[in-house]
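A.B. asks: This is the structure I want to talk about, given as structure tokens.
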Amino acid sequence: MTAPPTTQIPGFRGTVIAPGHDRYDEARAVWNGTVDRRPRLIARGSGTADVAAAVRFARHRDLEIAVRGGGHNVAGTALCEDGIVIDLSAMRAITVDPVGRTAHVQGGALWGDVDHETQAHGLATTGGIVSHTGVGGLSLGGGIGWLMRKYGLTVDNLLEAEVVTAEGEILRASPGDHPDLFWALRGGGGNFGVVSSFRFTLHPVGPTVMAGPVFWAAEDTTDVLRFYREFAAAAPDELGNVIRLGTIPPLAGVSEELRFRPAIAVASCYAGSVEDGERAIRALREFGTPLVDLVGPTRYVDHQSSIDDTLPHGWHYYWKGTDLTGLSDEVIDIVAEHAYHATSPRSYAAMFHLGGAVARAPRDSTAYPGRDADHNIIIDAVWLPEQDDRVGAAEAAWAREFLDALQPHRAGVYVNFLDSDDDPSRVREAYGDDTYRRLAGVKAKYDAENVFHNNKNIRPG
Ligand SMILES: Cc1cc2nc3c(=O)[nH]c(=O)nc-3n(C[C@H](O)[C@H](O)[C@H](O)COP(=O)(O)OP(=O)(O)OC[C@H]3O[C@@H](n4cnc5c(N)ncnc54)[C@H](O)[C@@H]3O)c2cc1C
């Protein structure tokens, strides 16, 4: 064991990890293995008071601040170089009120924590589709997932948040308390303070749902997407769909000879009875000649973690994302042409089906701006840490070329899909001018000095 860190943060009862600590490298690792930053201190707090103490300490010492929730942001904004990381990873407690159907969630929780506790009561809220993703960053950017078409985005289910401001003050943001801050937190990312806890609305879901992917050969992509376009347009709100184009990952139920074969998948999850889900997904399963059909009655918690192992911590990732104006024939052709040109068998593109409750919410109710898009796409270049840098460069070039080809069909971008080389103009693209201006006004009120800038930054305006 190395000696305990000498740095003391007044009023802080958590763990302080500094260079030389035997867990320093582990503590500064994030999901994306390409991110390699060396903070001066990692302040792993155990509650709101610790977060406030860490913010005050950092301000007093004029230290750069980064905030870590689940550590999943592809751009690695959870870390900073030579500053302090306010690390919420020890703050993962969840308390469910099954009668009021709400969950109180600490700011460092992962979606797997939330699903585990809420599903014990047959309840859930919209969360990410990989269980090791953080609630903090995902929620503050909007939050898309299987349940959104029925129950709205994660931010549409946020009832209140406890926020530690740039001054180290503790505020409650809700429709009645600091409503401007509450609006901005629901899409504006980590720009306004550290959220030490969230309270979400819950809904009856499962515990068994009809869910899973159907895979077809890559050569069938155009036909599948043209069929899917009609299928999705007629889909009930209960049906969440995500298309995946790449190779077939080594999931349970996929035979050895199908693994890593180029394929398109449409994965679904029906937020209703298994019987209704069976009916809603049937036409999809009967289309063409699937290579493998993994749809079936599944525990919702299992579905929520079913692709966890295909995106593990420490691999190398590079993303490009955009909202799409629609699934026109031209878009389908571009997607079919580019999706399988990656050289790494782990790279893929995914399209989320939005619409439903996402589209029905009033445009100014939250700071999430992408409600008019029916689909978005994330182009995810993935390679292994031991692979040559040239492999990464080739994969990243594939992602950029794919995005460029979609240029005439782009309509904004989901802020949580931006990578580190997306220039600041893409943050403005994500919000659009009006929402950006309004967010900049809230930023000026709560963080005029832009203390929280290691994020998809909104400048105080
Ligand atoms: C494998 C994978 C799957 C994903 N799936 C989905 C999905 O299904 N749906 C979806 O919407 N997105 C998804 N995403 C994107 C995800 O929303 C973003 O990566 C998000 O930033 C992750 O949040 P985090 O807390 O884990 O990240 P972190 O890297 O810890 O944080 C990112 C930023 O968020 C801010 N932040 C985090 N927590 C707090 C907090 N408590 N208070 C204040 N600021 C905070 C900070 O500014 C920080 O820099 C996925 C990402 C990955 C890697």
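The values are calculated or read from the model by the stated rules, or taken from the named source; none is laboratory data. Quick caveat, the model's predicted, so the values are computed rather than measured. For neighbour counting, all protein chains shown are included, and Cβ atoms are generated from backbone atoms with ideal geometry for every residue, glycine included. All accessible areas refer to the heavy atoms of the entire protein, side chains included, with ligands and DNA or RNA removed. Shrake-Rupley method; radii C 1.70, N 1.55, O 1.52, S 1.80 Å.
A.B. asks: Only one of (1) closer than 23 Å to MET148 by Cα; (2) crowded, with 22+ Cβ neighbours inside 10 Å; (3) among the polar types (S, T, N, Q) fails for SER347. Which number is that?
C.D. replies: The failed condition is (1).
A.B. asks: Got a sec? Which of ALA66, ALA90, ALA75 is near the ligand (Cβ under 7 Å from one of its atoms) and aliphatic (A, V, I, L, M)?
C.D. replies: After ruling out the rest, the residue left standing is ALA66.
A.B. asks: Determine if segment 430-440 includes at least one residue that is assigned to a helix (DSSP H, G or I), β-branched (Val, Ile, Thr), more than 15 Å from the ligand (Cβ to nearest atom) and surrounded by 16 or more Cβ atoms within 10 Å (Cβ to Cβ).
C.D. replies: Yes; the residues of segment 430-440 include at least one that is assigned to a helix (DSSP H, G or I), β-branched (Val, Ile, Thr), more than 15 Å from the ligand (Cβ to nearest atom) and surrounded by 16 or more Cβ atoms within 10 Å (Cβ to Cβ).
A.B. asks: Among the residues of segment 28-42, what is the count of those that are within 16 Å of the ligand (Cβ to nearest atom) and in contact with a Pro (Cβ under 9 Å, 6 or more places away or on another chain)?
C.D. replies: Of the residues in that region, 5 qualify.
A.B. asks: Looking at segment 64-90, which of its residues are part of a strand (DSSP E or B) and open to solvent by 10 Å² or more (accessible area, probe 1.4 Å)?
C.D. replies: VAL67, ARG68 - these are the residues of segment 64-90 that are part of a strand (DSSP E or B) and open to solvent by 10 Å² or more (accessible area, probe 1.4 Å).
A.B. asks: I'd like to check something: does segment 182-190 contain any residue that is open to solvent by 20 Å² or more (accessible area, probe 1.4 Å) and under 23 Å from GLY71 (Cα atoms)?
C.D. replies: yes
A.B. asks: Now, a different point. For segment 275-318, name all the residues that are in contact with a strand residue (DSSP E or B) (Cβ under 6 Å, 6 or more places away or on another chain) and polar (S, T, N, Q).
C.D. replies: Once the filter is applied, which keeps residues that are in contact with a strand residue (DSSP E or B) (Cβ under 6 Å, 6 or more places away or on another chain) and polar (S, T, N, Q), segment 275-318 yields only THR298.
A.B. asks: Which is within 30 Å of PHE57 (Cα to Cα), at pLDDT 95 or above and open to solvent by less than 40 Å² (accessible area, probe 1.4 Å), of LEU171, LEU245?
C.D. replies: Step by step, each of LEU171, LEU245 is checked, and only LEU171 is within 30 Å of PHE57 (Cα to Cα), at pLDDT 95 or above and open to solvent by less than 40 Å² (accessible area, probe 1.4 Å).
A.B. asks: Let me ask something else about it. State which residue is surrounded by the fewest Cβ atoms within 10 Å (Cβ to Cβ) when the search covers only segment 149-164 and only residues that are more than 11 Å from the ligand (Cβ to nearest atom) and under 25 Å from ALA78 (Cα atoms).
C.D. replies: LEU159
A.B. asks: Which of the following residues is surrounded by 23 or more Cβ atoms within 10 Å (Cβ to Cβ) and either more than 17 Å from GLY137 (Cα to Cα) or out of contact with any Cys (no Cβ under 7 Å at 6 or more places or on another chain) (or both): ALA18, ALA49, ALA43? First the steps, then the outcome.
C.D. replies: Numbers: ALA18 fails: surrounded by 23 or more Cβ atoms within 10 Å (Cβ to Cβ); ALA49 fails: surrounded by 23 or more Cβ atoms within 10 Å (Cβ to Cβ).
None of the other options fit; the residue is ALA43.
A.B. asks: PRO179: more than 13 Å from the ligand (Cβ to nearest atom), open to solvent by 30 Å² or more (accessible area, probe 1.4 Å) and in contact (Cβ under 8 Å) with a residue 40 or more places away in the chain, yes or no?
C.D. replies: No: the conditions fail for PRO179.
A.B. asks: Output the residue which, of all residues in segment 105-123 that are open to solvent by 20 Å² or more (accessible area, probe 1.4 Å), touching a residue at least 40 places away in the same chain (Cβ under 8 Å) and not in a helix (DSSP H, G or I), is farthest from ALA27 (Cα to Cα).
C.D. replies: HIS121
A.B. asks: From the list ALA349, ALA373, exactly one residue is out of contact with any Cys (no Cβ under 7 Å at 6 or more places or on another chain), assigned to a loop (DSSP other than H, G, I, E, B), touching a residue at least 12 places away in the same chain (Cβ under 8 Å) and of a type in the set (A, V, I, L, M, F, W, C). Which is it? Walk me through it before giving the result.
C.D. replies: Values: ALA349 fails: assigned to a loop (DSSP other than H, G, I, E, B).
Result: ALA373 is the single residue among ALA349, ALA373 that is out of contact with any Cys (no Cβ under 7 Å at 6 or more places or on another chain), assigned to a loop (DSSP other than H, G, I, E, B), touching a residue at least 12 places away in the same chain (Cβ under 8 Å) and of a type in the set (A, V, I, L, M, F, W, C).
A.B. asks: For ALA367, which of the numbered conditions (1) out of contact with any His (no Cβ under 6 Å at 6 or more places or on another chain); (2) farther than 22 Å from GLY145 by Cβ; (3) small (Gly, Ala, Ser); (4) touching a residue at least 12 places away in the same chain (Cβ under 8 Å) fails to hold?
C.D. replies: The single condition ALA367 does not satisfy is (2).
A.B. asks: Condition first: open to solvent by less than 20 Å² (accessible area, probe 1.4 Å), of a type in the set (Gly, Ala, Ser) and touching a Gly at 6+ places or on another chain (Cβ under 8 Å). Now tell me which residues in segment 268-309 satisfy that.
C.D. replies: Residues satisfying the conditions are SER268, ALA271, GLY296.
A.B. asks: If you don't mind, there's one more thing I want to ask. Report yes if some residue within segment 399-420 is outside any helix (DSSP H, G or I), open to solvent by 10 Å² or more (accessible area, probe 1.4 Å) and without any contact (Cβ under 8 Å) to a residue 24 or more places away in the chain; otherwise report no.
C.D. replies: No, segment 399-420 contains no residue that is outside any helix (DSSP H, G or I), open to solvent by 10 Å² or more (accessible area, probe 1.4 Å) and without any contact (Cβ under 8 Å) to a residue 24 or more places away in the chain.
A.B. asks: Sort out which residues of segment 124-148 are near the ligand (Cβ under 6 Å from one of its atoms) and either among the β-branched types (Val, Ile, Thr) or open to solvent by 20 Å² or more (accessible area, probe 1.4 Å) (or both), and write them in order of number.
C.D. replies: Result: ILE129, VAL130, THR133, GLY137, LEU138, ILE144.
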